[in-house]
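Beneath this line is the structure, given in C-alpha cells, with notes to follow.
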Amino acid sequence: MRFYGTNPSRPLWVLFVILALFLSAAPLEAQEKGKSPNPPAKGAPAPEKEKRDQDIALVPPLEGEAAAPKADAAPPASVTIAVIDMTKAIEESATGKSLQAKFKSDFDKTSEKMNQRGKDLEKKVEEFNRTQGALSESEREKAKTALEKEIGDFEKETRKASDDFRSQVEKAMSPLYDRAEKIASDLAKTNKYTAVVENGSANAIIYAEPRIAVVDITGDVTKALNAKSK
C-alpha cells in the first residue's frame with residue numbers, strides 16, 4: 001500500500017528523506033560558516049554528498065515500498081461439511097420401518113394391558129371413597145393400606161414396562177445406527193468430505209463461507225441402508 005503526501009506523484013517516504021537531508025545539512029552549514037572551505041581531494045566524494053548518502057541508507061523503507069513483491073499465497077483448500085439427520089435416515093429405511101412397526105405392535109399390547117389395570121384401580125379408588133364412611137376405623141385403614149399398595153405396585157409395573165420397552169428398542173436399533181454411521185463415514189472418505197455432522201440438515205446451516213460447501217447425505221445413507229438390507 002502507498003502513502004501519498006501533498007504531491008500525488010511523490011510517495012511519502014521521499015518527503016521523509018528530503019526532510020532528513022534538510023535537517024542534517026543545517027547544523028553542518030552552521031559549523032562550516034566562517035571557515036575557509038577545504039575542498040576534498042580529487043576523486044574523493046564531497047562530504048555533504050557522503051553524509052546525504054549515509055542518511056539515505058539509514059532511512060528504512062516503508063512497508064510495501066521495499067523489496068520486490070512476493071507472490072500471493074495459494075488460496076486455502078475448499079471445505080465440504082456433510083450433515084445427516086441420523087434418526088430420519090434410519091426411520092425411513094426399510095429395516096427401520098419394519099422395526100418401528102414391530103415396536104408399535106408390542107407397545108400397543110402392553111399399553112392396552114396397563115390401561116385396563118389403571119381403569120380397574122380407578123374404580124377401586126372410587127369405590128373406597130364412596131363406602132369408607134360405612135367402615136370402621138380399622139376396616140378403613142386396612143382397605144386404604146391395601147389400595148395404596150396396589151397403586152404402588154401398578155406404578156412400579158408401569159415404570160418397568162416402560163424401561164423394558166426402551167431397552168428393547170435400543171438393543172434392536174443399535175446395529176442399525178452402527179451401520180448408518182459406517183455408511184456416513186465411508187461416504188465422507190469416498191467424497192473427501194472434511195467432516196460429517198450428525199442430527200442436522202443443510203437447512204440448519206444459517207451461514208457458511210463461500211469456500212465451505214454443505215451437503216445433506218441423509219438420503220444417501222437411507223439408500224445405502226436399503227441396499228444392504230436386500
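The values are calculated or read from the model by the stated rules, or taken from the named source; none is laboratory data. Since this is a predicted model, take the numbers as computed values, not measurements. With ideal geometry, Cβ positions are generated from the backbone for all residues, glycine too; neighbour counts draw on all protein chains shown.
Just one of the numbered conditions (1) surrounded by 12 or more Cβ atoms within 10 Å (Cβ to Cβ); (2) outside any helix (DSSP H, G or I) is not true of SER185; which one?
Against the list (1) surrounded by 12 or more Cβ atoms within 10 Å (Cβ to Cβ); (2) outside any helix (DSSP H, G or I), SER185 comes up short only on (2).
Test SER136 against the stated conditions and say whether it is without any contact (Cβ under 8 Å) to a residue 60 or more places away in the chain, of a type in the set (Gly, Ala, Ser) and more than 21 Å from GLY96 (Cα to Cα).
Judged against the criteria, SER136 is a match.
Here is a list: THR131, THR145, THR158. Which entry is among the hydroxyl-bearing types (Ser, Thr, Tyr) and surrounded by 14 or more Cβ atoms within 10 Å (Cβ to Cβ)?
Of THR131, THR145, THR158, the one residue that is among the hydroxyl-bearing types (Ser, Thr, Tyr) and surrounded by 14 or more Cβ atoms within 10 Å (Cβ to Cβ) is THR158.
For the subset of segment 65-104 comprising residues that are more than 30 Å from TYR193 (Cα to Cα) and modelled with pLDDT of 90 or more, which member is surrounded by the most Cβ atoms within 10 Å (Cβ to Cβ)?
Within segment 65-104, the first condition is being more than 30 Å from TYR193 (Cα to Cα), and the residues that meet it are 65-70, 98-104.
Now restrict to residues that are modelled with pLDDT of 90 or more: 98-104.
Numbers: SER98: 11, LEU99: 17, GLN100: 15, ALA101: 10, LYS102: 13, PHE103: 15, LYS104: 11.
Across segment 65-104, the extreme among qualifying residues is LEU99.
Pairs only if they're at least six apart or on different chains, beta carbon under 6 angstrom, first in segment 152-180 and without any contact (Cβ under 8 Å) to a residue 60 or more places away in the chain, second among the charged types (D, E, K, R); list them, first residue then second.
Sorted first by the residue in segment 152-180, then by its partner, the pairs are PHE154/ARG117.
Kindly indicate which of LYS144, LYS156, LYS109, LYS149 is within 30 Å of LYS88 (Cβ to Cβ) and either assigned by TED's automatic domain parsing to the domain that holds ALA89 or outside any helix (DSSP H, G or I) (or both).
None of the others qualify; the one that does is LYS109.
At pLDDT below 95, farther than 13 Å from ILE90 by Cα, out of contact with any strand residue (DSSP E or B) (no Cβ under 7 Å at 6 or more places or on another chain) and in the same structural domain as GLY96 (by TED's automatic domain parsing): is that true of TYR177 in this structure?
Taking the combined requirement at face value, the residue does not satisfy it.
Confirm whether ASP164 is part of a helix (DSSP H, G or I), out of contact with any Gly (no Cβ under 8 Å at 6 or more places or on another chain) and more than 30 Å from SER93 (Cα to Cα).
It is false that ASP164 is part of a helix (DSSP H, G or I), out of contact with any Gly (no Cβ under 8 Å at 6 or more places or on another chain) and more than 30 Å from SER93 (Cα to Cα).
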